[in-house]
Amino acid sequence: LYKLRLSIARYLKSRYNLAYDADEEILITVGVSEALDLTLRAIINPGDKILISTPSYVSYGPVTELAGGTPVYIDTRKNNFKLTAKTLKKYVDIKPKAIILNYPTNPTGVSYTRKELNEINGVLLKHRILCISDEVYGDLTYDFEHTPFAVLPGAKNNTIYLDGFSKSYAMTGWRVGFACGPKEAIQAMTKIHQYTIMCVPITSQMAAC
């Protein structure tokens, strides 16, 4: 639904000064789960390594494997469940295709300050590692202001930003998510989406509007 894509674009611009083209850079998905699946299927070549900090949401690893990728888990338990730039640097030699960064994190609840995100972003940009940023809990940030990864310097063209309505708007059963990113990535994801899901139910999309 174009009306919903336009509403999302206006919201992100108004709240975060984050600009996405409603025609080419936003895709409406069946929850963030489909957005993640589409992202991985669109970017992964067989054997590509995807970094996942753990503990993580239960589907990240299996969905990576189903898309033909190899999940590489980064244990964060010794650092209060937070991924740091220092830890991330230990994995750049394996040449990962992307990292799935979820914050506030399911299941631990931890999140990242802008300073922490900037440090992570520096490593990703330097080593050309794509960021798949799952921020569906973004509005449930209470200790400091939530910072979308895509607003960081140089990050927008290197980020697939995933969000949805389930948590912030208590619309879990309505299954409305969205992905924002470079038009080439969104085009590839849209092609897969059209041959699998067709579209999110129109009633759910109107409710999200």
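The values are calculated or read from the model by the stated rules, or taken from the named source; none is laboratory data. Values in this document were obtained by computation on a predicted structure and should not be read as measured data. Neighbour counts run over all protein chains shown; Cβ positions are idealised from the backbone, glycine included.
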The residue from Leu6, Leu1, Leu27 that alone is at pLDDT below 95 and either within 17 Å of Cys199 (Cα to Cα) or crowded, with 16+ Cβ neighbours inside 10 Å (or both) is Leu1
Go through segment 156-189 and count every residue that is surrounded by fewer than 21 Cβ atoms within 10 Å (Cβ to Cβ), of a type in the set (A, V, I, L, M, F, W, C) and not in a helix (DSSP H, G or I).
-> 2
Out of the residues in segment 190-209 that are among the small types (Gly, Ala, Ser) and crowded, with 19+ Cβ neighbours inside 10 Å, which is farthest from the chain's Cα centre (by Cα)?
-> Ser204
Listed residues Ile197, Ile129; which is at pLDDT 95 or above and of a type in the set (Val, Ile, Thr)?
-> Ile129
With criteria (1) in contact with a Leu (Cβ under 7 Å, 6 or more places away or on another chain); (2) touching a residue at least 40 places away in the same chain (Cβ under 8 Å), Leu40 comes up short on (1)
Hey, does segment 100-108 have a residue that's in contact with a Cys (Cβ under 7 Å, 6 or more places away or on another chain), surrounded by 14 or more Cβ atoms within 10 Å (Cβ to Cβ) and closer than 22 Å to Lys156 by Cα?
-> yes
Check segment 112-125 and report whether any residue there is touching a residue at least 40 places away in the same chain (Cβ under 8 Å) and either acidic (Asp, Glu) or closer than 23 Å to Ser59 by Cα (or both).
-> no
